[in-house]
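Heads up, the thing below is written out as structure tokens.
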Amino acid sequence: MTDDPFENMLAQMDRAEEYADVDHGIFERLKHPERTLKVTLPVELESGEVEVFEGYRCQFDSARGPFKGGVRFHPSVTQREVEALAGWMTWKTALVDLPYGGAKGGVICEPKELTDRDLERLTRRYTEGIRRMIGPEVDVPAPDMNTNPQTMAWMMDTYSMYEGYSVPQVVTGKPLEIGGTPGRVEATGRGVSLVTERLFEYLDRDLSDATIAIQGFGNVGSNAARLLDEAGANVVATSDVSGAAYDPDGLDVAALGAHVDAGGLVEEYVAGDLKGSADRSRWDDPDAITNAELLTLDVDVLIPAAVEGVITADNVDDLRASAIVEAANGPTTVAADEALTERDVQVVPDILANAGGVIVSYLEWVQNAQEFSWPLETVNAELERRIGDAFDKTIEQYDTKDLPDLRTAAYTLALERTAKAHEYRGLFP
Ligand code: GLU
């Protein structure tokens, strides 16, 4: 088994092919990205040194509409990873029925070692590098790991400077002041929370007091934790790069959120070294555990919300959660997937579980096109309707076609929709 994310995505497609109503020729076509641009990015850092970075933008498929997908800044970015993530965006937008294709971008860098000015220069240089292939009707980037509304503002500004006028619609996930939408920052976490609630309804289980472990407390993990906590679930463990905190009685999610927002690490939180205004009054002595231990906790739901490839053949036998909701992209390898299916562990696949982000990106893009803005309630209601609908359709596919697992159900729907678009459009010339 490989830990190459692209091979993993292809293997997921292969698992679904036997159940999907898709012409084999089109299926083979869907295994190849339309194009990938690699850019070299020399940047003069604040230290005076020049560092040469490497970045990518992969446009995987556009049969259903403009390319759509985030940009990540991370030391482990590779071309293959970006291509896998672009493929997953294609299946995600198809599954939740947005009029988009799929794309992804990435820059190999360690953002923690860069100043704000360095990050601005790197972002602008990257935007210049991919400028000819993006645009409001062509390819619309958004935030992903280590990128945020400020990154999107720099991208939007750089693109707009070349165009000669403001083009907010070229990226989504912008600050509110320049065409962002209310609800986008927490959208992915909100979607994760909504599908977890739906899963419990489907399984006829009570979410209140269900125990939940969340690997990762970044934008997605922290918002999912907060919303699940509000929904009555018991978040007992979470983590970041420094380590994990575990309290079988439940973590004080609000206090941990305030601590992390003020720049604190989970490790410091466990040690009682609280940052900012965090007040751990309700806190009852969390244990420090490792990220690996968090994955094997005896909980009702495990939510991987960090990087890909964390649930593998090596640790799957040790996992004790009865359900997994994939907030990260590609957290489960195909070998682990097969073992989980055999054990009847329900896995809500990434392309459904984390689709809240791109759904609200779409709502932002639509508002930009209309030059009109919606209130938060409208955005959240539309998010809930769309992700709920995709959840119901996935369950219907799973039940009526008697499919092995929810990922296969989601993939068959996504592949059939994308293939249909290819079929109608035909081959050029
Ligand atoms: N990066 C997010 C994802 O993986 C959001 C993409 C977007 O909003 O375009 O789904």
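The values are calculated or read from the model by the stated rules, or taken from the named source; none is laboratory data. No experiment lies behind these values; they were computed from the predicted model shown. No Cβ is skipped: glycine too gets one built from the backbone with ideal geometry, and neighbour counts run over all protein chains shown.
The table for this structure:
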{"read-out": "Flag if L403 is part of a loop (DSSP other than H, G, I, E, B), within 24 Å of Q12 (Cα to Cα) and among the aliphatic types (A, V, I, L, M)", "value": "yes"}
{"read-out": "Looking only at segment 106-162, and only at residues there that are out of contact with any Phe, Trp or Tyr (no Cβ under 7 Å at 6 or more places or on another chain) and among the basic types (K, R), the one that is farthest from E83 (Cα to Cα)", "value": "R117"}
{"read-out": "Some residue of segment 295-312 being surrounded by 15 or more Cβ atoms within 10 Å (Cβ to Cβ), within 14 Å of the ligand (Cβ to nearest atom) and not in a loop (DSSP other than H, G, I, E, B)", "value": "yes"}
{"read-out": "Options E177, E201, E197, E186: the member that is acidic (D, E) and within 16 Å of the chain's Cα centre (by Cα)", "value": "E186"}
{"read-out": "The listed residue being closer than 28 Å to L30 by Cα and crowded, with 16+ Cβ neighbours inside 10 Å, out of P349, P429", "value": "P349"}
{"read-out": "Residues satisfying the stated conditions in segment 150-165, i.e. within 20 Å of the chain's Cα centre (by Cα) and either within 12 Å of the ligand (Cβ to nearest atom) or farther than 26 Å from L363 by Cβ (or both)", "value": "T151, M152"}
{"read-out": "Matching entry among S322, S361 (being touching a strand residue (DSSP E or B) at 6+ places or on another chain (Cβ under 9 Å), polar (S, T, N, Q) and within 12 Å of the ligand (Cβ to nearest atom))", "value": "S361"}
{"read-out": "Single condition A369 does not satisfy, out of (1) within 16 Å of the ligand (Cβ to nearest atom); (2) of a type in the set (A, V, I, L, M, F, W, C); (3) more than 15 Å from L199 (Cα to Cα); (4) surrounded by 17 or more Cβ atoms within 10 Å (Cβ to Cβ)", "value": "(4)"}
{"read-out": "Criterion violated by T172 - all others in (1) assigned to a helix (DSSP H, G or I); (2) under 27 Å from I108 (Cα atoms) satisfied", "value": "(1)"}
{"read-out": "Any chance S160 is among the small types (G, A, S) and surrounded by fewer than 20 Cβ atoms within 10 Å (Cβ to Cβ)", "value": "yes"}
{"read-out": "Residues (of a type outside the set (D, E) and within 14 Å of the chain's Cα centre (by Cα)) located in segment 74-94", "value": "V82, A84, L85, A86, G87, W88, M89, T90, W91, K92, T93"}
{"read-out": "Qualifying residue in segment 23-34 (condition: surrounded by fewer than 19 Cβ atoms within 10 Å (Cβ to Cβ), of a type in the set (V, I, T) and over 20 Å from the mean Cα position of the chain (by Cα))", "value": "yes"}
{"read-out": "Any chance E230 is modelled with pLDDT of 95 or more and more than 16 Å from the ligand (Cβ to nearest atom)", "value": "yes"}
